[in-house]
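Participant: Please find one structure pasted underneath; my questions will follow.
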Amino acid sequence: HLPLLTAVSPPLLLHSRRKQEGDMVPRGSLPALLAVLLALAPAAEGQGTVMTYYTVESSGCSLQVAVMSGAQATVPADEVLVILHGFPEGGYHMGHDMAAGILADGSLNWRVVMPSMRGYNRSCIYADTAQYKIDLLAADIAAVMQDSAVMAGRETKAHLLGHDWGAAVATVVAGLHPDLVKTLIIVNGPHIQGFAKLLRTDPEQQKRSSYMDFFMSAEAPVAMQADNFSRPASYFAGEAWFDSQRDYFIDAWSQGCETGTCSISAGLQYYKANLRFNNNKSADGLVSEELPGDALEPMCMHVRTLLLWGLNDSAFYTDGNLESFCPYAMDRVTVVLHGDLGHFESMHDANTIGDVKTWIANDGVLVRPNPLDAVLQNFCGLPGKPASICGSAGPA
């Protein structure tokens with residue numbers, strides 16, 4: 001009866017699944033019942049994908065990690081992609097559509113690893129802001145990428161993709177642990193040190209980041225939880241992928257509430273811990289305060305990097321943010337501009353997913369760019385781009 005259930009179950013569960021410890025069951029009536037039945041069904045041999053769940057320990061923090069692979073996958077995988085989510089994206093769910101799209105045809109022996117970063121979903125949740133500093137977040141991901149069970153015996157490097165806060169964390173992982181990263185993929189997200197510089201010097205980015213004042217306010221945690229998390233849900237208004245997955249996000253946001261710190265509030269701590277830029281402005285309104293990322297060595301990108309950028313992103317100033325990667329580039333940086341995509345939409349778009357798949361299949365070369373999008377194969381090598389403080393920006 002599995003095909004019948006699949007036909008009417010929520011899109012998040014359209015792939016075949018095996019029930020694992022820590023698996024999430026969405027709240028609700030009929031969708032929740034169908035999700036339970038489908039989760040308990042065995043994976044269909046020869047078709048679909050399998051989702052398995054792991055717990056990885058990182059300096060006292062237990063991390064929830066979801067892994068998607070083909071139903072016929074073998075060990076070790078030919079390629080591994082690690083996807084890091086942002087805020088308020090509920091944890092590993094944000095990478096689901098991309099993972100499912102990449103593995104859809106069942107022909108690839110690839111493994112897609114999707115951690116819920118600390119503070120999210122069923123990963124560790126702390127009330128202490130200091131627990132969310134960028135170096136700790138990066139250490140968590142390094143632990144995931146070195147876990148033999150998660151990586152299924154694969155000892156070589158993995159491709160690392162980050163979106164929003166996941167992008168900031170990915171740049172630190174790539175900088176501190178180049179031995180773990182095969183290529184770096186950024187989908188509408190910042191370089192942590194490049195972004196900090198923009199917050200200090202770029203009025204346009206400061207204006208776009210003004211929403212962070214609210215995120216760092218004392219009122220934000222209560223406001224985010226009110227009316228069954230209606231405020232964070234409103235950030236995804238009109239996006240079909242969220243409408244089909246709303247119950248999963250609400251369940252993730254509500255984790256930890258019984259102990260006094262909801263997951264949605266923990267996600268706000270990322271801003272307080274790492275981007276306190278509006279607490280100490282100079283007379284001209286720009287930032288003068290030292291930030292946690294400043295204490296790190298330059299986060300150099302030792303590997304080929306792909307920047308996939310939706311131009312309808314109201315949070316990130318496109319030109320400034322793209323160029324902010326160049327001082328840290330040591331290899332070729334390829335930029336793809338998607339003119340009609342917004343900040344969150346980029347993670348679910350078929351063209352973006354196709355670009356990621358092609359990039360991985362060709363070992364960090366985008367050989368099949370979408371002809372409707374602007375593709376810059378050596379962005380940081382173009383005239384007028386900032387020089388690298390880390391070494392070569394790659395071949396012309």
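Participant: For the stretch 104-154, how many residues are open to solvent by 50 Å² or more (accessible area, probe 1.4 Å), without any contact (Cβ under 8 Å) to a residue 60 or more places away in the chain and of a type in the set (D, E, K, R)?
Facilitator: The qualifying residues number 2.
Participant: Further, regarding this structure: For the stretch 217-266, which helices (runs of 4 or more DSSP H) that fit wholly inside it have 2 or more residues that are touching a residue at least 24 places away in the same chain (Cβ under 8 Å) and closer than 19 Å to Ala127 by Cβ?
Facilitator: Working: elements: 220-234, 240-243, 246-254.
Here the list reads 220-234, 246-254.
Participant: Right, something else. Quick check: anything in the stretch 104-118 in contact with a Lys or Arg (Cβ under 6 Å, 6 or more places away or on another chain) and not polar (S, T, N, Q)?
Facilitator: No, that holds for no residue.
Participant: Would you point out the residue of the stretch 331-369, among those that are open to solvent by 30 Å² or more (accessible area, probe 1.4 Å) and charged (D, E, K, R), that is farthest from Ser314 (Cα to Cα)?
Facilitator: Result: Asp363.
Participant: If you scan the stretch 219-233, which residues turn out to be farther than 12 Å from Ile250 by Cα and loosely packed, with under 13 Cβ neighbours inside 10 Å? Show your work before the answer.
Facilitator: Going through the stretch 219-233, the residues farther than 12 Å from Ile250 by Cα turn out to be 219-223.
Passing the criteria: Glu219, Val222.
Participant: Kindly indicate whether any position in the stretch 157-169 is open to solvent by 40 Å² or more (accessible area, probe 1.4 Å) and within 21 Å of Lys357 (Cβ to Cβ). Break it down into steps so the answer makes sense when it comes.
Facilitator: Going through the stretch 157-169, the residues open to solvent by 40 Å² or more (accessible area, probe 1.4 Å) turn out to be 157.
Filter once more, so that each one left must be within 21 Å of Lys357 (Cβ to Cβ): 157.
Checked the stretch 157-169: at least one residue is open to solvent by 40 Å² or more (accessible area, probe 1.4 Å) and within 21 Å of Lys357 (Cβ to Cβ).
Let's see how each residue does on (1) open to solvent by 10 Å² or more (accessible area, probe 1.4 Å); (2) of a type in the set (A, V, I, L, M, F, W, C); (3) modelled with pLDDT of 95 or more; (4) within 16 Å of Asn378 (Cα to Cα):
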position	(1), (2), (3), (4)
Lys281	yes, no, no, no
Cys300	yes, yes, yes, no
Leu308	no, yes, yes, yes
Ala329	no, yes, yes, yes
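Participant: Considering the stretch 330-354 alone, what residues qualify as being assigned to a strand (DSSP E or B) and in contact with a Cys (Cβ under 6 Å, 6 or more places away or on another chain)?
Facilitator: Applying the first criterion (assigned to a strand (DSSP E or B)) to the stretch 330-354 yields 333-342.
Once the filter is applied, which keeps residues that are assigned to a strand (DSSP E or B) and in contact with a Cys (Cβ under 6 Å, 6 or more places away or on another chain), the stretch 330-354 yields only Val333.
Participant: With the condition kept exactly as written, say whether any residue in the stretch 84-94 is without any contact (Cβ under 8 Å) to a residue 40 or more places away in the chain, open to solvent by less than 40 Å² (accessible area, probe 1.4 Å), under 18 Å from the mean Cα position of the chain (by Cα) and closer than 25 Å to Tyr248 by Cβ. Please lay out each step first, then the result.
Facilitator: Within the stretch 84-94, the first condition is being without any contact (Cβ under 8 Å) to a residue 40 or more places away in the chain, and the residues that meet it are 92.
Still in the running and open to solvent by less than 40 Å² (accessible area, probe 1.4 Å): 92.
Retained after the next criterion (residues that are under 18 Å from the mean Cα position of the chain (by Cα)): 92.
Now drop any that are not closer than 25 Å to Tyr248 by Cβ, which leaves 92.
Checked against the condition, which is being without any contact (Cβ under 8 Å) to a residue 40 or more places away in the chain, open to solvent by less than 40 Å² (accessible area, probe 1.4 Å), under 18 Å from the mean Cα position of the chain (by Cα) and closer than 25 Å to Tyr248 by Cβ, the stretch 84-94 yields at least one hit.
Participant: Taking the condition of being in contact (Cβ under 8 Å) with a residue 60 or more places away in the chain and outside any helix (DSSP H, G or I), how many residues in the stretch 175-209 meet it? Talk me through it step by step, then tell me what you get.
Facilitator: The first filter runs over the stretch 175-209 and keeps only residues in contact (Cβ under 8 Å) with a residue 60 or more places away in the chain, leaving 175-176, 178, 181-206, 208-209.
Remaining after also requiring outside any helix (DSSP H, G or I): 178, 181-191, 202, 209.
So the answer is 14.
Participant: In addition: Which condition breaks for Val375 when tested against (1) modelled with pLDDT of 90 or more; (2) in contact with a strand residue (DSSP E or B) (Cβ under 7 Å, 6 or more places away or on another chain)?
Facilitator: Every condition holds for Val375 apart from (1).
Participant: Considering only residues of the stretch 52-63 that are in contact with a Ser or Thr (Cβ under 9 Å, 6 or more places away or on another chain) and within 24 Å of Pro232 (Cβ to Cβ), which is surrounded by the fewest Cβ atoms within 10 Å (Cβ to Cβ)? Steps first, answer last, please.
Facilitator: Start the filter on the stretch 52-63 by keeping residues that are in contact with a Ser or Thr (Cβ under 9 Å, 6 or more places away or on another chain), which leaves 52, 55-56, 61-63.
Next cut, within 24 Å of Pro232 (Cβ to Cβ) only: 61-63.
Details: Cys61: 20, Ser62: 13, Leu63: 25.
Checked the stretch 52-63; the qualifying residue surrounded by the fewest Cβ atoms within 10 Å (Cβ to Cβ) is Ser62.
Participant: Within the stretch 43-56, is even one residue closer than 16 Å to Gly119 by Cβ and at pLDDT 90 or above? Explain how you work it out, then say what you get.
Facilitator: Keep residues of the stretch 43-56 that are closer than 16 Å to Gly119 by Cβ, which gives 55-56.
If we keep only those that are at pLDDT 90 or above as well, we get 55-56.
Looking through the stretch 43-56, at least one residue is closer than 16 Å to Gly119 by Cβ and at pLDDT 90 or above.
Participant: Here's a follow-up. Mind telling me which of the residues Ala66, Ala73 ends up being at pLDDT 95 or above and buried (at least 19 other Cβ atoms within 10 Å of the Cβ)?
Facilitator: On inspection, the qualifying residue turns out to be Ala66.
Participant: Which of (1) open to solvent by less than 30 Å² (accessible area, probe 1.4 Å); (2) touching a Phe, Trp or Tyr at 6+ places or on another chain (Cβ under 9 Å); (3) over 18 Å from Leu160 (Cβ atoms) is the odd one out, the single condition Glu323 does not satisfy?
Facilitator: (1)
The values are calculated or read from the model by the stated rules, or taken from the named source; none is laboratory data. The structure displayed is predicted, hence computed values, not measured ones. Cβ: placed from backbone, ideal geometry, glycine included. Neighbour counts: every protein chain shown. What goes into the accessible areas is simple: the full protein's heavy atoms, side chains included, and nothing from ligands, DNA or RNA. Shrake-Rupley method; radii C 1.70, N 1.55, O 1.52, S 1.80 Å.
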